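Report on the structure given below.
The values are calculated or read from the model by the stated rules, or taken from the named source; none is laboratory data. Fair warning: this is a prediction, and the values are worked out from it, not measured in the lab. SASA here: full protein model, heavy atoms, side chains in, ligands and nucleic acids out. Shrake-Rupley method; radii C 1.70, N 1.55, O 1.52, S 1.80 Å.
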Amino acid sequence: ILFSMMSCVDDKNTPAEGSIEDFYFDDYESPKKKWGYLDIKGKEVIPAKYDDVRDMIGNLTAANYKGRWGFINTQDKSIIDFKYKQVQDFSEDRVFVENFDGQWLLINTKDEIIDTMPFDNFKSFQNGVCPVALNNSWGLINTSGKIILEPQYELLNSINNGHFIAKSLGRYGVIDTGNEVIVPFEYKRISTLVHSDWLKLRTEKGYFYNHLKTKQKSKTYDKVTLIYDGKTVVKSKEEWLLLDVDKNFKTIKTLEYDKVAFGGEGYWKYKLGKKWGILDGAGQELTDASYEMLNQYQEDYMVFGNADLWGYLDKEGKEFKSARFPLAWDFKNGYARVIGQRGIGFMDKKGRLAVGAKYFEVRDYYNNLARFQE
């Protein structure tokens with residue numbers, strides 16, 4: 001009887017310490033196709049041995065080895081041991097990690113615990129602060145893990161100079177780190193324009209632009225695009241207009257097309273019927289409307305598609321590569337991913353296949369390294 005009672009006591013203590021991790025791995029299946037890294041010559045400098053990896057954006061990148069996350073450097077040296085259940089990416093020498101006890105931690109590049117995190121969602125640090133959430137309510141912490149704004153918003157996105165787009169009671173506004181309201185919570189949507197202090201705001205009547213610093217505002221339009229190099233394109237009363245932002249949104253030209261969208265790097269793309277073409281910054285036609293699909297210019301080249309094949313146009317609107325690829329991606333850090341007959345590879349800006357199209361999966365280059373999956 002005593003032996004039976006002791007056995008029951010042991011059963012009541014199950015699961016024992018560390019067994020949560022054991023239960024996790026009872027259901028874990030390591031993928032057959034592993035991940036590694038290529039250099040720009042196509043050499044596999046970090047062998048495909050990881051279950052998962054991230055882009056090599058910083059000095060340390062997250063890697064998953066046999067189900068556990070840690071961090072490696074560009075030489076494949078393990079800097080932070082493979083011991084975490086989940087990890088995010090480093091920002092400002094800080095990263096959020098979850099251990100197998102379900103606890104989130106804020107650590108530094110030396111794997112030193114800065115603080116435990118009583119939150120369940122995290123974004124990245126910018127200018128020393130980071131949005132964090134608990135039960136879908138967002139607030140802010142600093143790099144020491146100290147709460148500087150209690151979770152209270154439905155959404156919180158970092159924008160320029162310590163400002164944040166926030167959502168409260170279904171409406172959008174802008175606050176600073178001290179929770180001072182910069183733009184009142186009156187709008188259906190607010191979004192920031194890339195590399196700009198201009199905001200795009202939506203009301204029941206349409207869209208308008210508002211400069212975060214100068215407070216300059218535009219009129220309200222039916223649709224708006226991006227602001228680039230002092231110009232933008234909007235739709236007003238069924239007309240597409242090219243505007244001079246620096247001259248208080250004065251109309252430069254009426255664009256008589258079915259649709260106009262931002263084309264990247266100072267260009268615009270237009271639609272006539274079912275086909276797309278390209279306009280230069282002054283609104284002049286660079287190409288005819290002869291493309292079924294157009295991406296945006298990135299690093300001087302634009303991906304185009306016709307008849308389910310993809311190619312590239314240069315800044316003069318000429319074909320750099322004809323539509324021959326089953327799938328093609330934008331240029332990133334000097335190289336573009338393309339699909340060949342046997343897999344995915346990289347094309348350089350001379351139009352050469354710099355890395356053979358032979359990989360099951362490969363991602364863009366960062367710090368001259370691209371993650372690949374065999």
(request) Can you grab the distance from the C-alpha centre of region 181-222 to the C-alpha centre of region 71-101, Å, no decimals? (result) 38
(message) List the residues, sorted by chain then number, that are 5 or more residues from Lys259 or on another chain and whose placed amide H is less than 5 Å from its amide H.
(response) Lys271
(request) Determine ³J(HN,Hα), in whole Hz, for all residues of region 85-90 in sequence, where each value follows from phi through the Karplus function 6.51 cos²θ - 1.76 cosθ + 1.60 and θ = phi - 60°; x replaces Gly and Pro. (result) 6, 9, 9, 9, 8, 5
(message) From the protein chains alone at 1.4 Å, what is the descending order of accessible area for Ser144, Ser290, Ser196, largest first?
(response) Ser144, Ser290, Ser196
(request) Pop out the ³J(HN,Hα) list for region 116-123 in order, Karplus 6.51 cos²θ - 1.76 cosθ + 1.60 with θ = phi - 60°, rounded to Hz; leave Gly and Pro as x. (result) 7, 10, x, 10, 10, 8, 9, 10
(request) Determine the calculated [θ] at 222 nm for the chain from helices alone, applying -39500 (n - 2.57) to every DSSP H run no shorter than 4 residues and normalising by the residue count; nearest 500 deg cm²/dmol. (result) -1500 deg cm²/dmol
(request) Using only protein heavy atoms and a 1.4 Å probe, report how much of Tyr84 is accessible, in Å² to the nearest 10. (result) 10
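Please compute the Kirkwood hydrodynamic radius of region 60-185 from all pairs of different C-alpha atoms, in Å with one decimal.
With all distinct Cα pairs of region 60-185 included, I get 15.3 Å.
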(request) Could you give log10 I(q)/I(0) at q = 0.09 Å⁻¹ for the chain, computed by the Debye formula over C-alpha point scatterers of equal weight, without solvent? (result) -0.73
(request) Over 18 Å between C-alpha atoms is what I'm after, so list which of Lys274/Lys332; Lys33/Lys358; Lys167/Lys188; Lys41/Lys350; Lys200/Lys275; Lys321/Lys350 land there. (result) Lys274/Lys332; Lys200/Lys275
(message) Please compute the contact order of the chain in relative form: average sequence separation of alpha-carbon pairs under 8 Å and at least six residues apart, divided by the residue count, as a percent.
(response) 9
(message) What does the extension gain come out to for Asn142 and Asp101, with contour length at 0.36 nm per residue minus their alpha carbon separation?
(response) 12.3 nm
(request) Under 15 Å Cα to Cα from Lys315, which aspartates and glutamates show up? Leave out anything in the same chain fewer than 8 places away. (result) Glu265, Asp280, Glu285, Asp288, Glu299, Asp300, Asp330
(message) From Cα pairs below 8 angstrom and at least 6 apart in sequence, can you work out the relative contact order of region 11-98, rounded to a whole percent?
(response) 16
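Ranked by accessible surface with a 1.4 Å probe, highest first, in what order do Lys110, Lys49 come?
Details: Lys110 155, Lys49 80 Å².
Descending accessible area places them as Lys110, Lys49.
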(message) In whole Hz and in residue order, list the ³J(HN,Hα) couplings for region 266-272 that follow from phi through the Karplus curve 6.51 cos²θ - 1.76 cosθ + 1.60, θ = phi - 60°; x for Gly and Pro.
(response) x, 10, 10, 10, 10, 10, 10
(message) In Å², and per residue, what accessible area does the chain have when probed at 1.4 Å with the other protein chains present?
(response) 54
(request) May I ask you to give the percent of accessible area on region 236-330 that is carbon plus sulfur, with a probe radius of 1.4 Å? (result) 44
(request) Could you check which residue among Glu112, Glu186, Glu265 shows the biggest mean-square fluctuation in a GNM of the chain with a 10 Å Cα cutoff? (result) Glu112
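What's the whole-number percent of alpha carbon pairs in region 266-343 lying beyond 18 angstrom?
Percent of Cα pairs beyond 18 Å in region 266-343: 36.
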(request) Can you send over the solvent-accessible area of Ser137, 1.4 Å probe, protein chains only, in Å² to the nearest 10? (result) 40
(request) Give the accessible area for Asp26 in Å² (nearest 10); use a 1.4 Å probe, count only protein heavy atoms, and leave out ligands, DNA and RNA. (result) 110
(request) Rounded to the nearest 10 degrees, what's the angle between the helix 2-12 long axis and the longest principal axis of the chain, both from Cα atoms, 0 to 90? (result) 10
